[in-house]
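Student: A single structure is presented below for examination.
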Protein chains: 2
Amino acid sequence: MTDTKIEIIAAAVKCFRLNESATLEKIAQEAGVSRRTLHRYFKDRQELLDSCKNEMLDRCNKAMTEAYERDNDPIKKVRNMLFAAIEQGANYSFVKRIYERSSFAEVDRNKEFESDNVKSKWLTIIKNLQQEGRINAELTLPWIFNLFGSIIETSIYAFESGDIARNDSKKFAWTSFKGAIGLKE
Amino acid sequence: MTDTKIEIIAAAVKCFRLNESATLEKIAQEAGVSRRTLHRYFKDRQELLDSCKNEMLDRCNKAMTEAYERDNDPIKKVRNMLFAAIEQGANYSFVKRIYERSSFAEVDRNKEFESDNVKSKWLTIIKNLQQEGRINAELTLPWIFNLFGSIIETSIYAFESGDIARNDSKKFAWTSFKGAIGLKE
DNA sequence: TAATTATGTCACTTATTTGAGACATATTGC
DNA sequence: GCAATATGTCTCAAATAAGTGACATAATTA
């Protein structure tokens, strides 16, 4: 993929994250190219949106899978996945929206499958930890999953808004997530 | 305020929450009125947006202030405020966005002031609890504040998506928030 | 019932956004 | 330097959205 194309996708992700109706003019501007150039790479709005989805889903899956495999201890796997997601920043936020908003039409089947794979790995760890009595038994799996995502977003937002330093933001996220689900290390 | 006006504002809040560029056509449809009628109540898009802001800010402030005052115990105050915010549902989500997105231009000064009042009450409680060593000392106030908001949204979302029953959704939110900040009751 | 008010329908204008053609200008690799 | 490729500028047409006037119809109430 050319640098320009990558630039445009990055700009689009940044813009769409704030406003999924962002004009192509604005995206082109953010990417530092003319609108005409944007149209040369992407037939229309939909094609740009699809490229963003696929690209970001790929990156997030890759980053989180890599994080998952980096350690054998299940708790460290979860922690690494949390950190990996936070490091993805805007990319992660964008992907999260795809999943929770129907207005970003359905995700490509294959990509979704891959992602479910990462998700299912994560769910398996949590389920096991909960069965071992190391996670608060009151909480349900869907709740914990949603909470995980929202703490990641809080961390990204906290850092971006300048409220909190990068490393603190990651540390706080992990501390809070552990506490929130009553995880005993 | 007439029923129709209230209906339109409710519809607009619902639509804007998902997409701040929602067309007036869509909002009118959601409210069950014609676009022409919407324009009779609101001069233009901006006036509708402003009305939504003021109305929702009012409601949320009222609900949370009332919750704050319902009990004397500081921890119960915080819990009640959390529940009140969750009960506001879409209204709360909308207000939260106003505060975190600059694209929803600045909030009316007076309203903001009132709200800061609620916010400062909340911050004071948390600060005191932390000084008393009842909240994890590592975490900063801005982090705890952001976390509070994001757990509320997670709870609203969890309920709306059908993943979790209304009461569980509130219970989980409180359990998780307490754990996340290491609150000792 | 008559008058008033609220709302709907249709038509029209204007502004914005999108997409693409034609051609000029840079930039790159050979 | 030349050819190939990438990008910019200008232009225009189509689509969509916003705002408004004129008038019909429904609902409310004196």
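Student: Assuming 0.36 nm per residue, please report the length gained on full extension of the stretch B:ARG35 to B:ASP163 beyond their Cα-Cα distance. Intermediate values should be presented prior to the final figure.
Tutor: Working: separation 128, 0.36 × 128 = 46.08 nm, distance 3.45 nm.
That works out to 42.6 nm of additional length.
Student: For the pair B:ARG70/A:ARG97, report the inter-label distance in nm, with labels modelled 7 Å from Cα in the Cβ direction.
Tutor: Output for this residue pair reads 3.4 nm.
Student: Over the heavy atoms of B:ARG70, what accessible area does a 1.4 Å probe trace out, to the nearest 10 Å²?
Tutor: 130
Student: Taking each residue in B:163-170, count the Cβ atoms of any other chain within 10 Å of its Cβ, then average. What number comes out?
Tutor: Numbers: counts 6, 5, 1, 0, 0, 4, 2, 0.
The per-residue average across the peptide is 2.
Student: Run the 1.4 Å probe and let me know the accessible area of A:HIS39, rounded to the nearest 10 Å².
Tutor: Probe radius 1.4 Å; accessible area of A:HIS39 about 60 Å².
Student: Could I ask something else about it? What does the average come to when, for each residue of peptide B:60-68, you count the partner chain Cβ atoms lying within 10 Å of its Cβ?
Tutor: On the way: counts 0, 0, 0, 0, 0, 0, 0, 0, 0.
Other-chain Cβ atoms within 10 Å of each residue's Cβ, averaged: 0.
Student: When a/c is below 1.5 the answer is rounded, else prolate if a/b is larger than b/c, else oblate, so apply that to the protein assembly as shown with a ≥ b ≥ c taken from the square roots of the Cα gyration tensor eigenvalues.
Tutor: Values: a/c = 1.77, a/b = 1.04, b/c = 1.69.
Verdict is oblate for the protein assembly as shown.
Student: While we're looking at this one, here's another question. How long is the gain from A:PHE145 to A:THR4 if the chain were fully straight, where each residue apart is worth 0.36 nm and the alpha carbon distance is subtracted? Can you show the working numbers first?
Tutor: Details: separation 141, 0.36 × 141 = 50.76 nm, distance 3.56 nm.
Extending this stretch completely gives an extra 47.2 nm.
Student: Distance from the Cα centre of the range B:54-101 to that of the range A:20-69, in angstrom?
Tutor: 36
Student: With a 1.4 Å probe and all protein chains left in place, how much of the accessible area of the range A:1-42 comes from carbon and sulfur atoms, in whole percent?
Tutor: Of the solvent-accessible surface of the range A:1-42, carbon and sulfur hold 47 percent.
Student: I'd like the interface area for chains A and B: accessible area of each alone minus the complex, both sides summed, 1.4 Å probe, protein heavy atoms only. What is it in Å² to the nearest 100? Don't skip to the answer; put the middle values down first.
Tutor: Details: alone 10250 and 10280 Å², together 17940 Å².
The buried area between A and B, both sides summed, comes to about 2600 Å².
Student: Using Cα atoms only, what is the angle between the long axis of helix B:109-131 and the major principal axis of chain B, expressed in degrees (0 to 90) to the nearest 10?
Tutor: The angle comes out at about 20 degrees.
Student: If each label sits 7 angstrom from Cα along the C-beta direction, how far apart, in nm, is B:ASP3 from its counterparts in the other copies?
Tutor: With the label placed 7 Å along Cα→Cβ, B:ASP3 yields 6.3 nm.
Student: If I take R0 = 45 Å and measure r between the Cβ atoms of A:ASN117 and B:GLU114 in this structure, what FRET efficiency does the formula 1/(1 + (r/R0)^6) give, to the nearest 0.05?
Tutor: Numbers: r = 48 Å, r/R0 = 1.07.
After rounding, the FRET efficiency stands at 0.40.
Student: Which order do A:THR23, A:THR4 take when ranked by solvent-accessible area (1.4 Å probe, heavy atoms of all protein chains), largest first? Kindly include the intermediate steps, with their values, before the conclusion.
Tutor: Working: A:THR23 80, A:THR4 45 Å².
Correct descending sequence by accessible area is A:THR23, A:THR4.
Student: Could you order B:SER120, A:SER115 by accessible surface area, starting with the largest, using a probe radius of 1.4 Å?
Tutor: Numbers: B:SER120 50, A:SER115 20 Å².
Listed by decreasing accessible area, they come as B:SER120, A:SER115.
Student: Using a 1.4 angstrom probe, figure out how much accessible area the range B:1-135 has per residue, in square angstrom, rounded to the nearest whole. Could you put the intermediate results ahead of the total?
Tutor: Numbers: 7050 Å² over 135 residues.
About 52 Å² of surface per residue is accessible.
Student: Rounded to the nearest 500, what is the 222 nm mean residue ellipticity of chain B from helices alone, with -39500 (n - 2.57) per DSSP H run of 4+ residues and division by all residues? Mind showing how you got there, number by number?
Tutor: Details: 9 runs with 140 residues, N = 185.
Estimated from H runs of four or more residues: -25000 deg cm²/dmol.
Student: Shifting gears a bit: Go through the range A:154-163 residue by residue and turn each phi into a ³J(HN,Hα) via Karplus (6.51, -1.76, 1.60, θ = phi - 60°); whole Hz please, and just put x for glycine and proline.
Tutor: 4, 5, 4, 4, 4, 5, 4, 6, x, 5
Student: Provide a whole-number value for the mean count of partner chain Cβ atoms within 10 Å of the Cβ atoms in peptide B:148-158. Walk me through the intermediate numbers first.
Tutor: Details: counts 1, 3, 11, 7, 1, 4, 10, 4, 0, 4, 7.
That works out to 5 on average.
Student: Applying the Karplus parametrisation 6.51 cos²θ - 1.76 cosθ + 1.60 with θ = phi - 60° to the phi angles of the range A:168-185, what ³J(HN,Hα) value in whole Hz is obtained for each residue in order, glycine and proline being reported as x?
Tutor: Computed from phi, the couplings for the range A:168-185 are 4, 4, 6, 5, 4, 4, 5, 4, 5, 5, 4, x, 4, 9, x, 6, 9, 7 Hz.
Student: Please check: in the Gaussian network model of chain B (C-alpha springs, under 10 Å), which one of B:LYS96, B:LYS170, B:LYS53 has the largest mean-square fluctuation.
Tutor: B:LYS96
Student: Considering only protein heavy atoms and a probe of 1.4 Å, how much of the accessible area of the range A:53-180 is carbon and sulfur, as a whole percent? Show your work: numbers first, answer last.
Tutor: Working: 2600 of 5740 Å².
Roughly 45 percent, rounded to a whole number.
The values are calculated or read from the model by the stated rules, or taken from the named source; none is laboratory data. What you are looking at is a predicted structure, and each value in this text was computed from that prediction instead of being measured. We place every Cβ from the backbone using ideal geometry, glycine too, and count neighbours over all the protein chains shown. We work out accessible area using only protein heavy atoms, side chains counted, and drop any ligands, DNA or RNA first. Shrake-Rupley method; radii C 1.70, N 1.55, O 1.52, S 1.80 Å.
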